[in-house]
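Reading through the structure tokens given below for one structure.
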Amino acid sequence: MKLRYISVLAGLLLSAVIFTGHLLFSNHVIRAGFSALERQHVLGALDSTRHELQNRLDQLNDTVNDWATWDDTYAYVRDRNSEYRDSNLLDETFEALGLCAIIIRDSDDQAVFARAMSSRERNEPELLTELLRITGGILPAIKGDRGGRGGIVYVGGEYHLVSLRPILTSEGLGPPRGTMAMVRIITPEMVEAIGRGVGHPVRLIPPGEGATADDEETVADAGEAAVVGIAPLRTLDGTSGSIRVTVNRDMTAYGDKVATYNSVGIALAMILLCLGAYLLLHFKVFRRLESLDAQIAAIRRNPDSGTAVAVRGTDEIAALAGSFNSLLAEIDRSHRDQLAQAAEIASSERFLHQVLDSLSVGILLIRPSDRTIIAANRHALAMAGRGREEVVGKICHRLTCPAQIDQCPILDRRQPEDLSRRELLTASGGTIPIMKSVAYVDRNGERLLLETIVDISEIERSRRELEKIKEGLEATVAARTSELAKANQDLIVLDKAKTLFLSSASHELRTPLTSILGFVKLMERRFSNSFAPILEEYAPLSPRVRQFAENMAIVRSEAERLGRLVNDLLDLNKIESDSMEWRDEPLDMATLLTSAAEVFAGQEAEKPEVALVVDPAPAGLTIVADADRIQQVLINLLNNAFKFTQQGEVRLSVVRDGDFARFRVRDTGRGIPAEDVEQVFDIFYQVWDENLRNSHQFGTGLGLAICRQIVSHYGGVIRVESELGVGSTFLFTIPLMQPEDA
Ligand code: ADP
């Protein structure tokens, strides 16, 4: 339903509800209010009526009071003089005072004077009898009461006002000599006058015709135009009539008018309000919404007509239009993005197809539900030698792994993936070996199988060839191994021969060498002592003599060197062939250093420019080793240090380095070139030195090699730090004695 109709319906419904509510309000509140007001008014009228009657009774009371408290009346009761009666109780008095009866009694309640008269023809004796009855016997009750008693009586078909007063002196003194009662008829004229005073017609209803004395005041309808109020009217003798006041229904009519005008006013206001609201909605909402709808429909019909709607104003509809424009812009942007994305996807799909087709492995895409090949790349088709239509749409077992029907590792054996050797059925009916890997892939929420197949015929051929080569190689290796084993055997034999040769050659060399050295020294000594002085006297021979002496010295020096070489070789050989005898014992460092230093005690005399400094060894440092071998290392290092140092000092020290004793021999000599540092511990390695070459200090090149063998034997390490022209520091470590060695 259109919003416009809904709002009209809503307006009508709202009006109906408001109008009904108003009617209920009119009936139950306005009209009921006026009704209550009317009732109050009637009750007020009854009250006024009673007041009016009381006023008249009060007037009568005053009159009686005047007469009863008059000395003449007082005297009359006592002496009953006719003068008083004849001059006062005349017909004129009755008329002037508007009375219908006067009754005077003495203190014994005997009527002294009693007369009743009526302007209308009525039976006075009967009236008097009734009045005498009603007013009799009252004196005892009002004796002390100067006020007397008054009220209404209904006698002879008419209501009367009756007032009784005690008869006193003019000063109001007693004792009361009797009572005086005056009676006045409530004539229709008086009732009419009361009605005028009240403002509404009043009627006094005789006893027995209306409400009794016990009745409450009641208000009752009296036709459409009037309402009556009835109140009880009690008489002195206990009978009860009622007062009836008739009130026009002006107030109710006014209330009805007010309610009606009100309803009409409300209805008119509602109509005007609804009309105004409708017009407001029409111009401010419906028309603009319809315009918005028309513009949106136009954009929908022709999306190129624009990307915005126009609605004036700053309210919610304008805001809605603004939001709609933003949404349109957003949709437009996202549409363009989608187009760009779609183009990108299409391009990447093309690229993917190109990539797949250019791959040199076969790719198959399989739908697991019916095991159908749904895509194949160019290489897969080429491998199978088939066209695309022969492959796509076919069951995968017809192409790959023909022998594996119902044995598919993925679909039948529920493996998550598979990598195995299979066979591809070619168009010619043959098979080619392939390596196939299969895994699940997801395409737009659909799980597919991606098979990658690689032709491994070449690899298998190569593998077969390799196996052949391997077999050949294995044969060759076996042959070579047996040859090497034989060569090794020969080497061991040779090594043994070398060791034997070295040891026996060294031993054999040592004996003649000792003799040579002994004889050379003897010859040298004899020559220098005996022949040289004689021969030098002969001048022509003197250069030859010096030459001879020098040659002798060279022979000695070389023989000595040969001796050292033989000794060193023997030592090295012993260590290498494991035939060295190691006499290990706990060694104290201080003793070791001292005895090594002692060897060089005479060194200062020979080379005073180089001082030997021995740092004190820390107490308690003990190693377990052969003292001679450790001495041999220290002496070798010290010897080298002195040999290669021309000035400065040679310092010997030992310190603790963890579980090792670290020995250090430092000199301030020529140092070792960086390129030679690594090799100085090799056998026969010597740094080239022209000066030493021909000196007696020319070594064997075996000292440091022996040092390394000895240090290694004990599980230590020897190394050198050196700087050319500054000096060298040789460091080696030997494990400290452990408690379990003690
Ligand atoms: P050699 O008998 O020649 O001294 P070594 O094996 O003891 O044989 O030493 C090898 C070479 O190392 C030496 O020839 C020498 O050139 C070098 N060398 C050893 N100690 C020192 C040192 N303290 N200062 C300089 N060069 C040294």
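The values are calculated or read from the model by the stated rules, or taken from the named source; none is laboratory data. Keep in mind it's a predicted model, so treat the numbers as computed, not measured. Because the Cβ atoms are built from the backbone with ideal geometry, glycine has one as well, and the counts that use them run over all protein chains shown.
All conditions but one from (1) within 16 Å of the ligand (Cβ to nearest atom); (2) under 30 Å from ALA619 (Cα atoms) apply to ASP571; the one that does not is (2).
Scanning region 715-734 for residues being touching a Ser or Thr at 6+ places or on another chain (Cβ under 9 Å) and either closer than 15 Å to LEU592 by Cβ or more than 13 Å from the ligand (Cβ to nearest atom) (or both) gives a total of 3.
Suppose we keep only residues that are loosely packed, with under 14 Cβ neighbours inside 10 Å and not in a loop (DSSP other than H, G, I, E, B) within region 199-221. Which one would you say is modelled with the lowest pLDDT? It comes out as ASP221. Name the one entry in GLY518, GLY429 that is under 30 Å from ASP370 (Cβ atoms) and not in a strand (DSSP E or B). Matching residue, one of GLY518, GLY429: GLY429. Can you find even one residue in region 298-307 that is aliphatic (A, V, I, L, M), exposed (fewer than 14 other Cβ atoms within 10 Å of the Cβ) and closer than 30 Å to GLU330 by Cα? For region 298-307, residues aliphatic (A, V, I, L, M), exposed (fewer than 14 other Cβ atoms within 10 Å of the Cβ) and closer than 30 Å to GLU330 by Cα: present. Pairing each residue of region 616-644 that is within 13 Å of LEU704 (Cβ to Cβ) and in contact (Cβ under 8 Å) with a residue 40 or more places away in the chain with any residue that is within 16 Å of the ligand (Cβ to nearest atom) and polar (S, T, N, Q), provided the two are 6+ apart or on different chains, yields C-beta distances under 6 Å for LYS643/GLN697.
Among the residues in region 674-689, are any outside any strand (DSSP E or B), surrounded by 12 or more Cβ atoms within 10 Å (Cβ to Cβ), among the aliphatic types (A, V, I, L, M) and more than 13 Å from the ligand (Cβ to nearest atom)? No: zero hits. When we screen GLU604, GLU598 for residues that are closer than 30 Å to ILE710 by Cα and modelled with pLDDT under 80, the only hit is GLU604.
Cβ separations smaller than 8 Å between residues 6+ apart or across chains give the following pairs from region 413-428 residues that are assigned by TED's automatic domain parsing to the domain that holds LYS394 to residues that are in a strand (DSSP E or B) and among the aromatic types (Phe, Trp, Tyr): PRO416/TYR440; GLU417/TYR440. Got at least one residue in region 632-655 being more than 14 Å from the ligand (Cβ to nearest atom) and not β-branched (Val, Ile, Thr)? Scanning region 632-655 turns up at least one residue that is more than 14 Å from the ligand (Cβ to nearest atom) and not β-branched (Val, Ile, Thr).
When region 700-714 is limited to residues that are more than 12 Å from the ligand (Cβ to nearest atom) and touching a residue at least 12 places away in the same chain (Cβ under 8 Å), the one that is nearest to PHE732 (Cα to Cα) turns out to be VAL711.
Looking only at region 265-274, decide whether some residue is out of contact with any Lys or Arg (no Cβ under 6 Å at 6 or more places or on another chain), without any contact (Cβ under 8 Å) to a residue 60 or more places away in the chain and not in a helix (DSSP H, G or I). Within region 265-274, none of the residues are out of contact with any Lys or Arg (no Cβ under 6 Å at 6 or more places or on another chain), without any contact (Cβ under 8 Å) to a residue 60 or more places away in the chain and not in a helix (DSSP H, G or I).
Taking the numbered list (1) modelled with pLDDT of 85 or more; (2) under 15 Å from GLY699 (Cα atoms); (3) of a type outside the set (Ser, Thr, Tyr) in turn, ALA619 passes all entries but (2).
Quick one: is PHE25 aromatic (Phe, Trp, Tyr), under 30 Å from ALA267 (Cα atoms) and touching a helix residue (DSSP H, G or I) at 6+ places or on another chain (Cβ under 6 Å)? Spell out how you get there, then give the answer.
Values: aromatic (Phe, Trp, Tyr): yes; under 30 Å from ALA267 (Cα atoms): yes; touching a helix residue (DSSP H, G or I) at 6+ places or on another chain (Cβ under 6 Å): no.
The answer is no for PHE25.
For region 587-612, residues that are surrounded by 12 or more Cβ atoms within 10 Å (Cβ to Cβ) and either in contact with a helix residue (DSSP H, G or I) (Cβ under 9 Å, 6 or more places away or on another chain) or in contact (Cβ under 8 Å) with a residue 60 or more places away in the chain (or both) total 14. Within region 648-657, can one find any residue that is part of a loop (DSSP other than H, G, I, E, B) and either assigned by TED's automatic domain parsing to the domain that holds VAL599 or on the phi > 0 side of the Ramachandran plot (or both)? No, region 648-657 contains no residue that is part of a loop (DSSP other than H, G, I, E, B) and either assigned by TED's automatic domain parsing to the domain that holds VAL599 or on the phi > 0 side of the Ramachandran plot (or both).
Filtering region 439-457 to residues that are closer than 16 Å to LEU356 by Cβ and not acidic (Asp, Glu) leaves ALA439, VAL441, ARG443, LEU448, LEU449, LEU450, THR452, ILE453, VAL454.
Here is the figure for region 78-91: residues that are assigned to a helix (DSSP H, G or I), farther than 14 Å from THR63 by Cα and modelled with pLDDT of 85 or more total 8.
Go through LEU328, LEU359 for me and flag whichever is closer than 20 Å to ALA294 by Cβ and surrounded by 11 or more Cβ atoms within 10 Å (Cβ to Cβ). Walk me through it before giving the result.
Details: LEU359 fails: closer than 20 Å to ALA294 by Cβ.
Testing whether each residue is closer than 20 Å to ALA294 by Cβ and surrounded by 11 or more Cβ atoms within 10 Å (Cβ to Cβ) leaves just LEU328.
One residue alone among LYS498, LYS521, LYS468 is touching a helix residue (DSSP H, G or I) at 6+ places or on another chain (Cβ under 8 Å) and either of a type outside the set (Gly, Ala, Ser) or at positive phi (or both), and that residue is LYS521. Would you call PHE660 within 12 Å of the ligand (Cβ to nearest atom), over 60 Å from the mean Cα position of the chain (by Cα) and under 21 Å from ILE706 (Cα atoms)? The answer is no for PHE660.
The one condition from (1) within 60 Å of the chain's Cα centre (by Cα); (2) of a type in the set (A, V, I, L, M, F, W, C); (3) surrounded by 16 or more Cβ atoms within 10 Å (Cβ to Cβ) that LEU236 does not meet is (1).
Quick check: anything in region 240-255 of a type in the set (Gly, Ala, Ser), surrounded by fewer than 16 Cβ atoms within 10 Å (Cβ to Cβ) and at pLDDT below 85? Yes, there is a match, as at least one residue in region 240-255 is of a type in the set (Gly, Ala, Ser), surrounded by fewer than 16 Cβ atoms within 10 Å (Cβ to Cβ) and at pLDDT below 85.
Looking only at region 275-284, decide whether some residue is in a helix (DSSP H, G or I), aliphatic (A, V, I, L, M) and touching a residue at least 40 places away in the same chain (Cβ under 8 Å).
At the first step, the residues of region 275-284 found to be in a helix (DSSP H, G or I) are 275-284.
Going one step further and asking which of them are aliphatic (A, V, I, L, M), we end up with 275, 277, 279-281.
So of that shortlist, the ones also touching a residue at least 40 places away in the same chain (Cβ under 8 Å) come out as 277, 281.
Yes, that holds for at least one residue.
Contact annotation: residue pairs with Cβ atoms under 6 Å, 6 or more positions apart or on different chains, pairing a residue in region 381-393 that is surrounded by fewer than 19 Cβ atoms within 10 Å (Cβ to Cβ) with a partner that is polar (S, T, N, Q), are GLY385/THR426. Any residue in region 184-198 that is in the same structural domain as LEU97 (by TED's automatic domain parsing), buried (at least 16 other Cβ atoms within 10 Å of the Cβ) and at pLDDT below 85? No, region 184-198 contains no residue that is in the same structural domain as LEU97 (by TED's automatic domain parsing), buried (at least 16 other Cβ atoms within 10 Å of the Cβ) and at pLDDT below 85.
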